[in-house]
Amino acid sequence: MSKKFGVAILITSLLTAGCAMQDEMIKTRITMPGGEKRTLVHFNHKLPTVLRGRDSFTFSYLIAEESPTDQQLKATAVIWGHCRDHVDIVHPDRIVTVMVHGILFGAAGAAGGALGALAFPTAIVGQYAQYGAASGGMFGLAYGATILTGELYTFQNCARDLFNEFTNYGIKVLIESPTP
């Protein structure tokens, strides 16, 4: 077995194991100097956002009780479902997002490589264009993958806005940074 094949198996195993991990719910009780108490319910993410599917999105929230009540848990489940659907509607398919950026950056790289080759009288324009397209396209794919984190931001904003409408549940949603 070649080293490349072994590395590929290792990476695939790590990603598969990571995708199967569930985010752990952590409850942190906060007591202010005046005696007011709240509980921060948040989740310990096992993987960066870019490697997590839309079905694993979570939102952290603040409540007055020590633990979420059954009614609050039901409300978060309802909001989760609606916001998950919202993300599917307003964001394109993930592969489309990644591929579009790869193509755009690849085309820009080809044009830049070809123009750069004109500065050198002995340069072969086609080779410079191919190099620019390949390197630009690879960068574009990576960039396209990182901007998928905007989906989580959309999801959490949806939850925050809906709970701002349904204040009787006593839930305040917190927004995470939209970074990988």
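No value in this document is a laboratory result; all are computed from the given coordinates. Note that the structure is a prediction, hence the values are computed from the model and not measured. Don't worry about glycine lacking a Cβ; one is built from the backbone with ideal geometry, like all the others, and counts go over all protein chains shown.
Give the angle, between 0 and 90 degrees and rounded to the nearest 10, that separates the Cα long axis of helix 125-146 from the longest principal axis of the Cα atoms of the chain.
10
Please list log₁₀ I(q)/I(0) at q = 0.10, 0.15, 0.17, 0.18 Å⁻¹ for the chain, using the Debye equation with identical point scatterers on the alpha-carbon positions.
Treating every Cα as an identical point scatterer, log10 I(q)/I(0) equals -0.58, -0.95, -1.09, -1.15.
Between Pro48, Pro92, Pro121, find the one with the highest GNM mean-square fluctuation for the chain; connect C-alpha pairs within less than 10 Å.
Taking springs between Cα atoms under 10 Å, the residue moving most is Pro121.
Can you tell me, using C-alpha contacts under 8 Å and at least 6 residues apart, the relative contact order of the chain as a whole percent?
Numbers: 244 pairs, mean separation 41.2, N = 180.
Here the relative contact order equals 23 percent.
Please list 3J(HN,Hα) in residue order for region 39-49, calculated via the Karplus relation 6.51 cos²θ - 1.76 cosθ + 1.60 where θ = phi - 60°; whole Hz, with x for glycine and proline.
10, 9, 9, 9, 10, 8, 6, 7, 10, x, 3
Let me have the 222 nm mean residue ellipticity of the chain computed from DSSP H runs of 4+ only, each contributing -39500 (n - 2.57), with the sum over all residues rounded to the nearest 500.
About -19500 deg cm²/dmol.
Report the local net charge at Cys83: Lys and Arg +1, Asp and Glu -1, summed over other residues whose C-beta lies under 11 Å from its C-beta.
Charge balance near Cys83 sits at -1.
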